[in-house]
Amino acid sequence: MLFGGFQKLTTIDFPGLVSALAFTQGCNFHCPYCHNAQLMPETPLPGAAPAPDLDGILAFLRKRQGLLDGITISGGEPCFQSGLDFLCREAKALGYKVKLDTNGSFPQVVERLLRGHLLNYVAVDVKTAPEAYAPALTRDENAGEKLRETLRLLAASSVPFEARTTCVEPFVTAETVPAMAAIVPKKAPWFFQRANLPEKAEGMRALADAEITALIPRSHRKARLRA
(Lines give C-alpha, C1' and ligand atoms only; values in the text may rest on other atoms or scores of the structure.)
Protein backbone atom coordinates (compact mmCIF):
# COMPACT_ATOMS: atom_id res chain seq x y z
CA MET A 1 0.00 0.00 0.00
CA LEU A 2 1.48 3.33 -1.09
CA PHE A 3 0.92 6.61 0.72
CA GLY A 4 1.50 10.15 -0.49
CA GLY A 5 1.05 11.93 2.83
CA PHE A 6 0.15 11.54 6.47
CA GLN A 7 -1.24 13.96 9.05
CA LYS A 8 -0.91 12.96 12.66
CA LEU A 9 -3.96 14.82 13.89
CA THR A 10 -7.07 16.39 12.40
CA THR A 11 -10.25 17.60 14.06
CA ILE A 12 -12.18 18.43 10.88
CA ASP A 13 -12.03 15.35 8.65
CA PHE A 14 -13.85 12.73 10.73
CA PRO A 15 -17.14 14.21 12.00
CA GLY A 16 -17.14 14.47 15.78
CA LEU A 17 -13.82 12.68 16.23
CA VAL A 18 -10.11 13.41 16.48
CA SER A 19 -8.30 11.32 13.90
CA ALA A 20 -5.12 10.75 11.98
CA LEU A 21 -5.31 11.33 8.23
CA ALA A 22 -3.62 9.08 5.66
CA PHE A 23 -3.44 10.03 1.98
CA THR A 24 -3.02 7.13 -0.41
CA GLN A 25 -1.03 7.62 -3.61
CA GLY A 26 -2.71 7.03 -6.96
CA CYS A 27 -6.15 7.71 -8.39
CA ASN A 28 -8.21 6.33 -11.26
CA PHE A 29 -9.68 9.79 -11.92
CA HIS A 30 -8.01 12.84 -13.49
CA CYS A 31 -10.23 15.67 -12.25
CA PRO A 32 -8.73 18.89 -13.66
CA TYR A 33 -9.57 20.87 -10.51
CA CYS A 34 -8.22 18.35 -7.98
CA HIS A 35 -6.64 20.04 -4.95
CA ASN A 36 -4.53 16.92 -4.32
CA ALA A 37 -3.26 16.57 -7.89
CA GLN A 38 0.13 15.36 -6.64
CA LEU A 39 -1.64 12.22 -5.44
CA MET A 40 -3.01 11.28 -8.88
CA PRO A 41 0.06 9.39 -10.19
CA GLU A 42 0.52 5.84 -8.98
CA THR A 43 3.99 6.77 -7.70
CA PRO A 44 5.00 10.00 -5.92
CA LEU A 45 6.25 12.87 -8.05
CA PRO A 46 9.99 13.66 -7.95
CA GLY A 47 10.75 15.86 -4.98
CA ALA A 48 7.57 14.95 -3.11
CA ALA A 49 7.81 14.99 0.67
CA PRO A 50 8.37 11.48 2.04
CA ALA A 51 5.37 9.73 3.57
CA PRO A 52 5.36 6.81 5.99
CA ASP A 53 4.70 3.31 4.72
CA LEU A 54 1.98 1.01 6.01
CA ASP A 55 4.13 -0.34 8.82
CA GLY A 56 4.99 3.20 9.88
CA ILE A 57 1.34 4.24 10.00
CA LEU A 58 0.37 1.18 12.02
CA ALA A 59 3.26 1.82 14.43
CA PHE A 60 1.99 5.38 14.87
CA LEU A 61 -1.53 4.14 15.56
CA ARG A 62 -0.24 1.74 18.21
CA LYS A 63 1.56 4.59 19.98
CA ARG A 64 -1.53 6.82 19.88
CA GLN A 65 -4.02 4.30 21.24
CA GLY A 66 -6.30 6.11 23.67
CA LEU A 67 -5.29 9.52 22.33
CA LEU A 68 -6.91 9.43 18.90
CA ASP A 69 -10.43 8.28 18.08
CA GLY A 70 -9.97 7.19 14.51
CA ILE A 71 -8.19 7.29 11.19
CA THR A 72 -9.41 8.95 8.01
CA ILE A 73 -8.20 7.27 4.82
CA SER A 74 -8.23 9.65 1.87
CA GLY A 75 -6.31 10.10 -1.33
CA GLY A 76 -5.84 9.80 -4.19
CA GLU A 77 -8.39 7.02 -4.19
CA PRO A 78 -7.99 4.59 -1.27
CA CYS A 79 -10.04 1.86 -2.97
CA PHE A 80 -7.39 1.85 -5.72
CA GLN A 81 -5.04 0.23 -3.17
CA SER A 82 -4.89 -3.52 -2.62
CA GLY A 83 -3.95 -3.15 1.06
CA LEU A 84 -6.96 -1.09 2.10
CA ASP A 85 -8.79 -3.99 3.76
CA PHE A 86 -5.72 -4.84 5.82
CA LEU A 87 -5.24 -1.26 7.02
CA CYS A 88 -8.89 -0.97 8.01
CA ARG A 89 -8.83 -4.31 9.80
CA GLU A 90 -5.64 -3.50 11.71
CA ALA A 91 -6.92 -0.06 12.69
CA LYS A 92 -10.18 -1.54 13.95
CA ALA A 93 -8.27 -4.18 15.92
CA LEU A 94 -6.41 -1.36 17.65
CA GLY A 95 -9.71 0.21 18.67
CA TYR A 96 -9.88 2.97 16.07
CA LYS A 97 -12.91 4.04 14.09
CA VAL A 98 -12.32 4.18 10.33
CA LYS A 99 -13.51 6.82 7.89
CA LEU A 100 -13.14 6.32 4.14
CA ASP A 101 -13.06 9.10 1.54
CA THR A 102 -13.85 7.74 -1.93
CA ASN A 103 -14.90 8.77 -5.42
CA GLY A 104 -17.40 5.91 -5.41
CA SER A 105 -16.03 4.06 -8.43
CA PHE A 106 -15.16 0.86 -6.55
CA PRO A 107 -18.51 -0.44 -5.23
CA GLN A 108 -17.13 -3.96 -4.87
CA VAL A 109 -14.48 -2.71 -2.45
CA VAL A 110 -16.97 -0.67 -0.44
CA GLU A 111 -19.30 -3.66 -0.27
CA ARG A 112 -16.49 -5.89 1.00
CA LEU A 113 -15.52 -3.37 3.67
CA LEU A 114 -19.13 -2.98 4.76
CA ARG A 115 -19.61 -6.73 5.02
CA GLY A 116 -16.46 -6.95 7.11
CA HIS A 117 -17.72 -4.23 9.47
CA LEU A 118 -14.54 -2.28 8.76
CA LEU A 119 -16.05 1.18 8.21
CA ASN A 120 -17.57 3.68 10.63
CA TYR A 121 -18.11 6.59 8.24
CA VAL A 122 -17.84 7.14 4.49
CA ALA A 123 -17.63 10.35 2.46
CA VAL A 124 -18.45 9.97 -1.24
CA ASP A 125 -17.58 12.56 -3.86
CA VAL A 126 -20.42 13.23 -6.29
CA LYS A 127 -18.67 15.24 -8.96
CA THR A 128 -21.20 15.66 -11.74
CA ALA A 129 -24.09 13.89 -13.45
CA PRO A 130 -23.43 10.13 -13.74
CA GLU A 131 -23.42 10.23 -17.53
CA ALA A 132 -20.89 13.10 -17.60
CA TYR A 133 -18.00 11.41 -15.75
CA ALA A 134 -16.22 10.05 -18.83
CA PRO A 135 -14.07 11.20 -20.49
CA ALA A 136 -13.80 14.53 -18.62
CA LEU A 137 -13.00 13.06 -15.20
CA THR A 138 -12.03 9.45 -15.89
CA ARG A 139 -11.50 6.97 -18.70
CA ASP A 140 -13.94 4.58 -17.01
CA GLU A 141 -17.16 4.84 -19.00
CA ASN A 142 -19.02 3.03 -16.21
CA ALA A 143 -17.86 5.35 -13.42
CA GLY A 144 -21.26 7.00 -13.05
CA GLU A 145 -23.06 3.68 -12.67
CA LYS A 146 -20.44 2.50 -10.19
CA LEU A 147 -21.02 5.64 -8.15
CA ARG A 148 -24.75 4.95 -8.20
CA GLU A 149 -24.13 1.42 -6.89
CA THR A 150 -21.79 2.65 -4.14
CA LEU A 151 -24.42 5.09 -2.92
CA ARG A 152 -27.07 2.36 -3.05
CA LEU A 153 -24.90 0.05 -0.94
CA LEU A 154 -24.31 2.75 1.65
CA ALA A 155 -27.98 3.67 1.79
CA ALA A 156 -28.82 0.04 2.51
CA SER A 157 -26.22 -0.20 5.28
CA SER A 158 -26.22 1.11 8.84
CA VAL A 159 -22.94 2.99 8.35
CA PRO A 160 -23.25 6.80 8.42
CA PHE A 161 -22.17 8.48 5.20
CA GLU A 162 -22.23 11.78 3.37
CA ALA A 163 -22.12 12.97 -0.20
CA ARG A 164 -20.00 15.97 -1.11
CA THR A 165 -19.78 18.04 -4.25
CA THR A 166 -17.05 20.49 -5.23
CA CYS A 167 -18.78 23.21 -7.22
CA VAL A 168 -16.97 23.82 -10.49
CA GLU A 169 -18.49 24.65 -13.86
CA PRO A 170 -19.02 22.89 -16.23
CA PHE A 171 -19.37 19.87 -13.93
CA VAL A 172 -21.85 21.34 -11.46
CA THR A 173 -24.59 23.34 -13.16
CA ALA A 174 -28.35 23.74 -13.20
CA GLU A 175 -28.36 21.02 -15.87
CA THR A 176 -26.23 18.45 -14.00
CA VAL A 177 -27.48 18.85 -10.42
CA PRO A 178 -30.89 17.19 -11.03
CA ALA A 179 -29.17 14.05 -12.32
CA MET A 180 -26.85 14.11 -9.32
CA ALA A 181 -29.79 14.51 -6.96
CA ALA A 182 -31.42 11.46 -8.52
CA ILE A 183 -28.65 9.18 -7.23
CA VAL A 184 -27.82 10.80 -3.86
CA PRO A 185 -29.86 9.12 -1.10
CA LYS A 186 -32.00 11.63 0.78
CA LYS A 187 -31.06 10.08 4.12
CA ALA A 188 -27.48 11.32 3.76
CA PRO A 189 -26.07 14.80 4.36
CA TRP A 190 -25.00 16.31 1.03
CA PHE A 191 -22.38 19.03 1.28
CA PHE A 192 -21.79 21.48 -1.55
CA GLN A 193 -18.37 23.09 -1.21
CA ARG A 194 -16.42 25.88 -2.84
CA ALA A 195 -13.52 25.05 -5.14
CA ASN A 196 -9.98 26.37 -5.04
CA LEU A 197 -8.99 26.24 -8.67
CA PRO A 198 -5.39 26.17 -9.88
CA GLU A 199 -4.12 29.31 -11.60
CA LYS A 200 -4.37 27.74 -15.04
CA ALA A 201 -7.95 26.53 -14.93
CA GLU A 202 -8.98 26.81 -18.55
CA GLY A 203 -12.63 26.11 -19.25
CA MET A 204 -13.54 25.94 -15.56
CA ARG A 205 -15.04 28.36 -13.07
CA ALA A 206 -15.44 28.08 -9.31
CA LEU A 207 -18.98 28.93 -8.26
CA ALA A 208 -19.62 31.64 -5.68
CA ASP A 209 -21.55 30.88 -2.50
CA ALA A 210 -24.74 32.50 -3.78
CA GLU A 211 -24.56 30.47 -7.00
CA ILE A 212 -24.01 27.27 -5.05
CA THR A 213 -26.91 27.98 -2.73
CA ALA A 214 -29.19 28.50 -5.71
CA LEU A 215 -28.24 25.07 -7.07
CA ILE A 216 -28.83 23.08 -3.89
CA PRO A 217 -31.85 20.84 -4.58
CA ARG A 218 -34.84 21.45 -2.32
CA SER A 219 -35.70 17.77 -2.63
CA HIS A 220 -32.77 16.96 -0.33
CA ARG A 221 -33.51 18.27 3.13
CA LYS A 222 -29.96 17.52 4.30
CA ALA A 223 -28.22 19.24 1.38
CA ARG A 224 -26.39 22.44 2.29
CA LEU A 225 -23.41 24.66 1.63
CA ARG A 226 -20.31 23.66 3.56
CA ALA A 227 -18.71 26.77 5.04
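The values are calculated or read from the model by the stated rules, or taken from the named source; none is laboratory data. Since the model is a prediction, treat every value here as computed from it, not as a measurement. Note that each Cβ is placed from the backbone with ideal geometry, even for glycine, and that neighbours are counted across all protein chains shown.
Return the only residue of Lys146, Lys186, Lys200 being of a type in the set (Lys, Arg), at pLDDT 95 or above and more than 21 Å from Glu77 (Cβ to Cβ). First the steps, then the outcome.
Numbers: Lys146 fails: more than 21 Å from Glu77 (Cβ to Cβ); Lys200 fails: at pLDDT 95 or above.
Matching residue, one of Lys146, Lys186, Lys200: Lys186.
Checking the structure you have, find out if any residue of segment 124-136 is of a type outside the set (Gly, Ala, Ser), touching a Pro at 6+ places or on another chain (Cβ under 7 Å) and either more than 16 Å from Met180 (Cβ to Cβ) or part of a helix (DSSP H, G or I) (or both). Walk me through how you get there before you give the answer.
Just the residues of segment 124-136 that are of a type outside the set (Gly, Ala, Ser), to begin with: 124-128, 130-131, 133, 135.
Restricting the remaining residues to those that are touching a Pro at 6+ places or on another chain (Cβ under 7 Å) gives none.
No, there is no match, as no residue in segment 124-136 is of a type outside the set (Gly, Ala, Ser), touching a Pro at 6+ places or on another chain (Cβ under 7 Å) and either more than 16 Å from Met180 (Cβ to Cβ) or part of a helix (DSSP H, G or I) (or both).
Search segment 48-72 for residues that are more than 20 Å from Pro15 (Cβ to Cβ) and pair each with any residue that is part of a loop (DSSP other than H, G, I, E, B) and among the small types (Gly, Ala, Ser) when their beta-carbon atoms are under 7 Å apart and the residues are at least 6 apart or on different chains.
Leu54/Gly83; Gln65/Gly95
Report the residue count in segment 92-113 for those that are in contact (Cβ under 8 Å) with a residue 12 or more places away in the chain, of a type in the set (A, V, I, L, M, F, W, C) and more than 14 Å from Pro78 (Cβ to Cβ). Walk me through how you get there before you give the answer.
Here is the first cut: in segment 92-113, the residues in contact (Cβ under 8 Å) with a residue 12 or more places away in the chain are 92, 94-107, 109-113.
Of the ones still in play, those that are also of a type in the set (A, V, I, L, M, F, W, C) are 94, 98, 100, 106, 109-110, 113.
Now restrict to residues that are more than 14 Å from Pro78 (Cβ to Cβ): 94.
Counting residues in segment 92-113 that are in contact (Cβ under 8 Å) with a residue 12 or more places away in the chain, of a type in the set (A, V, I, L, M, F, W, C) and more than 14 Å from Pro78 (Cβ to Cβ) gives 1.
Looking only at segment 126-143, which residues are crowded, with 18+ Cβ neighbours inside 10 Å and of a type outside the set (Phe, Trp, Tyr)? First the steps, then the outcome.
Just the residues of segment 126-143 that are crowded, with 18+ Cβ neighbours inside 10 Å, to begin with: 126-130, 132-133, 137-138, 143.
Passing the criteria: Val126, Lys127, Thr128, Ala129, Pro130, Ala132, Leu137, Thr138, Ala143.
Identify all residues within segment 205-227 that are out of contact with any Leu (no Cβ under 6 Å at 6 or more places or on another chain) and surrounded by 13 or more Cβ atoms within 10 Å (Cβ to Cβ); write none if there are none.
Residues satisfying the conditions are Arg205, Leu207, Glu211, Leu215, Ile216, Pro217, His220, Lys222, Ala223, Arg224, Leu225, Arg226.
In the list Gln108, Gln65, which residue meets the criterion of being under 27 Å from Ala136 (Cα atoms) and surrounded by fewer than 17 Cβ atoms within 10 Å (Cβ to Cβ)? Walk me through it before giving the result.
Values: Gln65 fails: under 27 Å from Ala136 (Cα atoms).
Unique residue meeting the criteria: Gln108.
Only one of these conditions is not met by Lys146: (1) assigned to a loop (DSSP other than H, G, I, E, B); (2) surrounded by 14 or more Cβ atoms within 10 Å (Cβ to Cβ); (3) touching a residue at least 40 places away in the same chain (Cβ under 8 Å). Which number is it?
(1)
Might you let me know whether segment 76-94 holds any residue that is among the polar types (S, T, N, Q) and modelled with pLDDT of 95 or more?
no
Among the residues of segment 160-177, write down those that are more than 14 Å from Lys127 (Cα to Cα) and either aromatic (Phe, Trp, Tyr) or crowded, with 18+ Cβ neighbours inside 10 Å (or both). Give the derivation first.
Step one: filter segment 160-177 for residues more than 14 Å from Lys127 (Cα to Cα), giving 160-161.
Hit for segment 160-177 is Phe161, nothing else.
Report whether or not Glu42 is within 24 Å of Gly16 (Cβ to Cβ) and either out of contact with any strand residue (DSSP E or B) (no Cβ under 7 Å at 6 or more places or on another chain) or modelled with pLDDT under 95 (or both). Before you say what the answer is, go through the steps one by one.
Values: within 24 Å of Gly16 (Cβ to Cβ): no; either out of contact with any strand residue (DSSP E or B) (no Cβ under 7 Å at 6 or more places or on another chain) or modelled with pLDDT under 95 (or both): yes.
Criteria not met by Glu42.
Can you tell me which residue among Leu45, Leu17 is aliphatic (A, V, I, L, M) and touching a Gly at 6+ places or on another chain (Cβ under 6 Å)? Give the steps one after another, and end with the answer.
Numbers: Leu45 fails: touching a Gly at 6+ places or on another chain (Cβ under 6 Å).
Of the residues listed, the single one that is aliphatic (A, V, I, L, M) and touching a Gly at 6+ places or on another chain (Cβ under 6 Å) is Leu17.
If a residue has to be outside any helix (DSSP H, G or I) and without any contact (Cβ under 8 Å) to a residue 40 or more places away in the chain to count, how many in segment 114-123 make the cut?
Just the residues of segment 114-123 that are outside any helix (DSSP H, G or I), to begin with: 116-123.
This time we only want the ones that are without any contact (Cβ under 8 Å) to a residue 40 or more places away in the chain, so: 116-118.
The qualifying residues number 3.
Considering only residues of segment 13-47 that are in contact (Cβ under 8 Å) with a residue 40 or more places away in the chain, surrounded by fewer than 16 Cβ atoms within 10 Å (Cβ to Cβ) and more than 16 Å from the chain's Cα centre (by Cα), which is nearest to Arg139 (Cα to Cα)?
Applying the first criterion (in contact (Cβ under 8 Å) with a residue 40 or more places away in the chain) to segment 13-47 yields 13-15, 17-33, 35-37, 42-44.
Imposing the further condition that a residue be surrounded by fewer than 16 Cβ atoms within 10 Å (Cβ to Cβ) reduces the set to 15, 18, 30, 35-37, 42-43.
Add one more test, that the residue is more than 16 Å from the chain's Cα centre (by Cα), and what stays is 18, 42-43.
Values: Val18: 36, Glu42: 16, Thr43: 19 Å.
Of everything passing the filter in segment 13-47, Glu42 is nearest to Arg139 (Cα to Cα).
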